[in-house]
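**Q** The structure that follows is given in the form of structure tokens.
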Amino acid sequence: MRLSIAMILALVAVVLGDEPAMAQATAQAASALPWWAWVLLLLAVTFVLGIVAVIGGVGGGVLFVPIVSGLFPFHLDFVRGTGLLIALAGALAAGPTLLRGGMANLQLAILPALIASAAAIVGANIGLALPDNVVQLALGSIILGVVCLMALARKSAYPEVPKADALSVALRMHGVYHDPFSDRDIEWKVHRTPQGLALFVVIGMLAGMFGIGAGWANVPVLNLVMGVPLKVSVGTSSFILSIVDSAAAWVYLNHGAMLAVIAVPSMLGMMLGSTIGVGLLSRANVAVIRKVVIGLLLLAGVRSLLKGFGI
Amino acid sequence: MFKSGDGLSGVWKRLRINIKARARLRRQHTFKARALQLRYVALEQRAYADTLDVGVTIGRYFLAGTFILYVFGFIAPKIPLSELPAYWSMSAHQLSASIGIGTGWSWFSMVGYGDYLNFLGIAFLAGLTIVCYLRVLPFLLHRKDFVFSAILLLEVTVLSLAASGLLTFDH
């Protein structure tokens, strides 16, 4: 626990560093370090991010893109492509367990996933066409928005849904799942479906444009807007992510915005870190780690904004 | 569990019985919880999960294998590893132009090179959703659930178009 806090503080110190000096240092380091040193550093950083992401309750992509784009000499195109892959790999790996356990619901996910995946394709194309400084500005703004959402948004374990709306009834967006912790069957239904589906258009666009996955937005929309119980929201969000990020990943792949030497070690580091993070979850002070994650994202968001302004 | 007059072997025997009984109870509890969970999980959802499980396992090992072949030089890369730092700070468009590769599936012609061989594993993982959806379709058609079948087919179409490169616009 102390070690992970120390690693996080080290990352904070680097992110907090003077921007022009950091840029110059990165450029000098880029020419001095061999390729394998950067790959090993990437493995180490994504390992730490994997631990922090699990304990802090955030997706890998939302931490990976702003932090790695600030610390490493990789172009933002490759960082975003890798961010999508990391989110996709995590969601695919978790999918079978969530689906079998009833925590992810296919009927609930199928229409939001269609809408968000189509929007993600558009977002990915727009994101790859925009100039770098515009992407940095937009990325910084989105990250600061995520920080606000994490700091302020409530979560509701079992939202009160007085009546299912007509669209959710027609699409059979309802279900029952067995909660092993409380050992009871939970029935759920959904409301405000049109509003929720409209938000999934925005979520898909952002996911494709910045490669940051969409879990940070899916869960509040499903839980707070549509009234899905929290566990089903989290499980279904992960499942929707696997579909949305598949769509966007194809755009990045076909654009050549992926490098194996960046993507594969990142996926490996994140997977290993997540495994450790799950083991530490019961012993870590989740509230403290969550505050550290929010702080880290705040700094990364400000850094992206500064980069966008050319400062 | 411990009785007076028991030797060490008696204690050990009782300990083993106790451990096995606890393990059996844990297994029974897990199976019961799984059965209760699966009771509410539709057949098509289970089919999706099973297909995804197999696909992720294959994709994971394939990607690890191709990366080892690439990074240890068993298959020569298009961009030599030592020259990578000069390329990875370029934009995707600049890098593709400098090595003479276009958009879409042009990368497929380069799979003989170690770096682009990894794209096969990435493409496999990205395409897994299409396979899983097609696995689920017969369940929906059998139930005459045409609304969901239509949505599912639309999703397969969207993902296939994304995969085809037709929705990738050259910048």
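Values in this text are rule-based calculations from the coordinates and carry no lab data. All of these numbers come straight from a predicted model, not from anything done at the bench. Heads up, the Cβs are rebuilt from the backbone with ideal geometry, glycines too, and the neighbour counts pull from every protein chain shown.
**Q** For chain A, modelled as a Gaussian network with Cα springs under 10 Å, which listed residue fluctuates most, A:Gly50, A:Gly145, A:Gly301?
**A** A:Gly145
**Q** Can you list the HN-Hα couplings for the stretch A:96-103, worked out from phi with the Karplus curve (6.51, -1.76, 1.60; θ = phi - 60°), rounded to whole Hz and with x for Gly and Pro?
**A** x, 5, 5, 5, 5, x, x, 6
**Q** Summarise the long-distance tail of P(r) for the stretch A:124-200 by giving the % of C-alpha pairs beyond 21 Å.
**A** Of all Cα-Cα distances in the stretch A:124-200, 56 percent exceed 21 Å.
**Q** Here is a follow-up. With 17 Å as the cut-off, how large is the P(r) tail for the stretch A:247-311, expressed as percent of Cα-Cα pairs?
**A** Working: 1411 of 2080 pairs.
Of all Cα-Cα pairs in the stretch A:247-311, 68 percent lie more than 17 Å apart.
**Q** Let me ask another. Find out how many positive minus negative residues lie around A:Gly204, taking Lys and Arg as positive, Asp and Glu as negative, among other residues whose Cβ is under 13 Å from that of A:Gly204.
**A** Values: positive: none; negative: A:Asp245, B:Glu155.
Overall, the nearby charge balance is -2.
**Q** Tell me the Kirkwood hydrodynamic radius of chain A in angstroms, computed as one over the mean inverse distance between distinct C-alpha pairs.
**A** Result for chain A stands at 19.7 Å.
**Q** Using 24 Å as the Cα-Cα cut-off, could you pick out the over-long pairs in A:Lys231/B:Lys144; A:Lys163/B:Lys144; A:Lys189/A:Lys231?
**A** A:Lys231/B:Lys144; A:Lys163/B:Lys144
**Q** Given only helices, namely DSSP H runs of n ≥ 4 each adding -39500 (n - 2.57), what is the per-residue ellipticity at 222 nm of chain A, to the nearest 500 deg cm²/dmol?
**A** -25000 deg cm²/dmol
**Q** Additional query: For chain A, set up a Gaussian network in which alpha carbons nearer than 10 Å are linked by springs, and say which option among A:Arg100, A:Arg290, A:Arg192 fluctuates the most.
**A** A:Arg100
**Q** Please tell me the relative contact order of chain A in percent, rounded to the nearest whole number, where contacts are Cα pairs under 8 Å and at least six residues apart.
**A** Answer for chain A is 38 percent.
**Q** Moving to a separate point now. Given contacts defined as C-alpha pairs under 8 Å and at least six residues apart, what's the relative contact order of chain B, whole-number percent? Numbers along the way, then the final one.
**A** Values: 107 pairs, mean separation 43.2, N = 171.
Result for chain B is 25 percent.
**Q** Which ³J(HN,Hα) values, rounded to whole Hz and listed in residue order, are derived for the stretch A:72-82 from phi using the Karplus coefficients 6.51, -1.76 and 1.60 in 6.51 cos²θ - 1.76 cosθ + 1.60 with θ = phi - 60°, glycine and proline given as x?
**A** So the Karplus estimates, Gly and Pro as x, are 10, x, 6, 5, 4, 4, 6, 5, 5, x, 5 Hz.
**Q** By counting other Cβ atoms within 10 Å of each Cβ, how are A:Thr275, B:Thr103 ranked from fewest to most? Numbers along the way, then the final one.
**A** Numbers: A:Thr275 13, B:Thr103 19.
Ascending number of Cβ neighbours within 10 Å: A:Thr275, B:Thr103.
**Q** For chain B, return all DSSP H helices satisfying: extent of Cα atoms along own axis at least 20 Å; mean Kyte-Doolittle hydropathy at least 0.0.
**A** B:43-71, B:114-142, B:146-164
**Q** Please compute the volume of the convex hull spanned by the alpha-carbon atoms of the stretch B:124-171 and report it per residue in Å³.
**A** 63 Å³
**Q** Let me ask something else about it. Based on alpha-carbon positions alone, could you give the equivalent ellipsoid semi-axes of the stretch A:91-229 from the gyration tensor, as √(5λ), descending, whole Å? Provide the component values of the computation, followed by the final result.
**A** On the way: eigenvalues 172, 51, 45 Å².
Calculated on Cα positions only, the semi-axes equal 29, 16, 15 Å.
**Q** Something else about it: Where Lys and Arg each count +1 and Asp and Glu each count -1, what net charge lies around B:Trp88 among other residues with Cβ under 14 Å from its Cβ?
**A** Residues near B:Trp88 contribute -1 overall.
**Q** Same structure again: Which angle between 0 and 90 degrees, to the nearest 10, do you get for helix A:106-129 versus the longest principal axis of chain A when only C-alpha atoms count?
**A** The angle comes out at about 30 degrees.
**Q** Taking other Cβ within 10 Å of each residue's Cβ, how do B:Leu81, A:Leu106 sort, fewest first?
**A** In order of increasing Cβ crowding within 10 Å: B:Leu81, A:Leu106.
**Q** Across peptide A:195-205, what mean number of C-beta atoms from other chains lies inside 10 Å of a residue's C-beta?
**A** For this peptide, the per-residue mean of nearby foreign Cβ atoms is 0.
**Q** With a Cα-only, solvent-free Debye model of chain B, what are the log10 I(q)/I(0) values at q = 0.09 Å⁻¹?
**A** Relative scattering, expressed as log10 I(q)/I(0), comes to -0.59.
**Q** How far is helix A:35-56 tilted, in degrees, relative to the longest principal axis of the Cα atoms in chain A, given as a value from 0 to 90 rounded to the nearest 10?
**A** Taking the Cα atoms of chain A, the angle to A:35-56 is about 30 degrees.
**Q** Now a separate question. What is the angle, in °, between the Cα long axis of helix A:132-152 and the longest principal axis of the Cα atoms in chain A? Nearest 10 is fine, range 0 to 90.
**A** 50 degrees
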